[in-house]
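Q: If you scroll down you'll find the structure; I have some questions about it.
The values are calculated or read from the model by the stated rules, or taken from the named source; none is laboratory data. Since the structure is predicted, the reported quantities are computational estimates derived from the model, not experimental observations. Heads up, the Cβs are rebuilt from the backbone with ideal geometry, glycines too, and the neighbour counts pull from every protein chain shown. For the accessible areas, the whole protein counts, side chains as well, though only heavy atoms, and no ligand, DNA or RNA atoms are used. Shrake-Rupley method; radii C 1.70, N 1.55, O 1.52, S 1.80 Å.
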Amino acid sequence: MAGPSLDSLMISRFSTGTVLELLVEFVRRAGAVIMPPGCPTLLIDEKPARELPEELRADVAVVSSGSDIEAILRSC
């Protein structure tokens, strides 16, 4: 029996640290991407980039940890 599935997940007004580490783990397991407004599309590895719409492929960053995400969010 298959479990429930998600088409998307939205997180707003979050703290850094553990929350972002959990987000990285979720993205890794789900094969998902992170799309923060005004920032590059964030990937755990480059494979999903080929499946992104062309307009999103121009601005992509690969992250491997919550601190990577935090650094990108601070720079946007």
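Q: Can you run down the residue pairs with Cβ atoms below 7 Å, 6 or more apart or on separate chains, where the first is in the stretch 55-76 and more than 21 Å from ARG29 (Cα to Cα) and the partner is surrounded by 15 or more Cβ atoms within 10 Å (Cβ to Cβ) and among the polar types (S, T, N, Q)?
A: That search, which allows pairs on different chains as well, returns LEU56/THR41; ASP59/THR41.
Q: So the check is Cβ under 6 Å with 6+ separation or different chains; which pairs have a first residue in the stretch 4-24 that's exposed (fewer than 11 other Cβ atoms within 10 Å of the Cβ) and a second one that's in a loop (DSSP other than H, G, I, E, B) and of a type in the set (Ser, Thr, Tyr)?
A: none
Q: Same structure again: Does ALA58 qualify as being at pLDDT below 90 and either surrounded by 14 or more Cβ atoms within 10 Å (Cβ to Cβ) or over 10 Å from the mean Cα position of the chain (by Cα) (or both)?
A: Criteria met by ALA58.
Q: Does CYS39 meet the test of being open to solvent by 50 Å² or more (accessible area, probe 1.4 Å) and in contact (Cβ under 8 Å) with a residue 12 or more places away in the chain?
A: So CYS39 does not fit the description; no.
Q: Which of (1) at pLDDT 90 or above; (2) in a helix (DSSP H, G or I) is the odd one out, the single condition PRO48 does not satisfy?
A: Result: PRO48 passes all but (1).
Q: Further, regarding this structure: Restricting the search to the stretch 1-45, which residues are part of a helix (DSSP H, G or I) and either in contact with a Lys or Arg (Cβ under 7 Å, 6 or more places away or on another chain) or of a type in the set (Ser, Thr, Tyr) (or both)?
A: Correct list: THR18 only.
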